[in-house]
Structure formats: C-alpha cells, structure tokens
Amino acid sequence: MKADLTNTEIDELDSLLQQAPEPLKALDVVSLDGYLCAVAVQPRIVSPEDWLARALDTEGSRWPAAGTDEAWLARVKALMQRRFEALVRGLAEEGGFDPVVSDLAAAQEQVPGGARGESQDEALSDEDLADLPTYSGPLMYWASGFLYGAQTFEGLMGHPDDAVHLAISRILRHLPVQNEEERTLVTELARQAPLRDDAHAIEDTVEAAVTLWGLTAQARLAVRTVQRESAKVGRNDPCPCGSGKKYKQCHGRA
C-alpha cells in the first residue's frame with residue numbers, strides 16, 4: 001500500500017501543477033484535493049485517465065498538450081494517484097482524511113475553474129469574500145475543486161437522493177452564494193448545523209464527504225460487479241461455466 005503524500009510532496013505537486021505547459025490550465029493543489037474527493041465519491045467509477053486530463057486542463061479540450069515533458073507528467077501522475085488512493089482509503093476504511101486547505105488570504109488569487117466552476121479567469125470579488133464566514137476561508141478553494149469535480153462527471157449532482165444533496169450542500173456552503181435560493185440554503189444550514197471555527201468547519205466538510213462515500217457506495221459496487229461479469233474471457237482461460245476445461249474447448253467452441 002502506497003503512503004499518502006508528505007507535506008513536502010504536496011508542495012512539490014503544487015509547484016509542478018504551476019509548471020503545466022501552455023495552453024493547459026491545471027488546478028492548484030488545494031482545488032485538486034477537493035476535485036479528487038468529488039471524483040472518489042461519484043456513484044460511477046471515473047477512470048484515472050479521465051480525471052487526470054480534467055485536472056491538468058480545466059477547459060477540457062486541450063489535453064494532451066503538445067511537447068509535454070514526460071518526466072514532469074510521470075511525476076505529476078504518480079503524486080496525484082497516491083493522493084487519490086489515500087483519499088479513498090480515508091473515505092472507505094478510516095472514516096476521514098486530512099484535506100489540503102489554504103487560508104483566507106489565498107482567496108485574493110484566482111480560482112482555477114472559477115469559484116463556482118465557471119470561467120477559468122474569473123476571480124473572486126471583495127464582495128464575494130466579505131459574504132463568506134471566516135471559517136470558510138481555509139475551505140473555499142477545496143470546495144471550489146469539489147464543485148468542479150462534481151459538475152465535470154455525471155452522477156453526483158443529478159443524484160435522486162436528497163441526503164446526497166444535503167451532504168453536497170455542507171461542502172458547498174463554503175463558496176460565495178450566487179442567488180437567493182443558495183443564500184436561503186446556507187442560512188438554514190447555519191441555523192441547523194452551526195460551525196464554530198475553522199477546525200469545526202474542516203471536520204464537518206470531511207464528515208460530509210464520508211457521508212457521500214457511503215451514500216454512493218452501492219452504485220459503485222454495482223458498476224464494479226457488472227465490469228467483472230462482463231470481462232472478456234480469453235480462449236485459453238478456464239471456462240466461466242465451471243467445467244474445468246479451457247474456454248476454447250468448452251463454450252468457446254461455438
């Protein structure tokens with residue numbers, strides 16, 4: 001089992017992402033962490049090739065980039081995969097994980113993919129930031145990445161279970177509201193499940209992600225089962241009927 005990234009490796013990954021070749025626009029490491037969590041809790045399994053491409057190019061149409069350095073790409077892929085596997089272990093086995101978060105000062109920079117999954121170049125305004133509770137500062141970029149992942153791959157945002165949407169709302173409450181409906185929802189969440197400080201907000205976000213993992217686990221299991229059952233049987237493999245003969249000597253003769 002591969003270990004989770006160290007703090008030094010997280011910094012290395014962030015630096016590598018900033019070096020993404022033109023014209024790619026990669027996520028920063030904090031947004032990436034939220035994005036990978038959203039990928040993990042999707043009700044359908046997302047292939048590593050798909051989620052890697054959308055992490056390295058948020059516009060989704062220019063990957064792979066011509067002239068990409070193979071050593072750079074291999075290192076980025078290895079670090080991303082290790083972090084993704086660690087998140088899955090935390091969600092599935094440990095009941096939690098330590099998210100990569102920032103601080104409120106970082107909100108003065110641009111958010112890859114937009115604060116609400118919108119234009120790549122859209123920055124947060126002072127009004128947006130003033131509208132956020134202080135405890136949302138460390139989680140804003142993480143929640144932005146989560147929203148990007150939830151919107152990029154089908155299944156989570158269109159899930160029929162209201163409990164799924166409640167858990168999603170607990171994460172997205174750390175983004176600036178865009179309309180009165182969102183404001184009403186965030187206000188109600190603050191009334192029913194108030195957050196005391198940064199630490200409590202991070203704990204609640206992780207609990208919401210773990211809840212999502214549990215709510216969507218059955219759907220992912222069903223997909224895996226179908227994939228195993230429909231796997232192609234080689235002619236020299238044992239016949240699935242259990243006869244003990246090779247497939248080519250049994251049901252494969254037809």
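The values are calculated or read from the model by the stated rules, or taken from the named source; none is laboratory data. Computed from a prediction, not measured in an experiment: that's the story for all the values here. No Cβ is skipped: glycine too gets one built from the backbone with ideal geometry, and neighbour counts run over all protein chains shown. We work out accessible area using only protein heavy atoms, side chains counted, and drop any ligands, DNA or RNA first. Shrake-Rupley method; radii C 1.70, N 1.55, O 1.52, S 1.80 Å.
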- Message: If packing is taken as the average number of other Cβ atoms within 10 Å across a peptide's residues, how do 21-33, 180-192 rank, most packed first?
- Response: 21-33, 180-192
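Report D for region 138-226 in µm² per second (integer): Stokes-Einstein, Kirkwood Rh on Cα pairs, 10 °C, 1.306 mPa s.
For these conditions, the coefficient is 114 µm²/s.
Is the shape of region 1-86 best called rounded, prolate or oblate, per the rule: a/c under 1.5 gives rounded, else a/b larger than b/c gives prolate, else oblate, with a ≥ b ≥ c the square roots of the Cα gyration tensor eigenvalues? Write out the running numbers ahead of the final one.
On the way: a/c = 1.69, a/b = 1.15, b/c = 1.47.
The shape class here is oblate.
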- Message: Using a 1.4 Å probe on the protein heavy atoms, what percent of the accessible area of region 7-102 belongs to carbon and sulfur?
- Response: 46
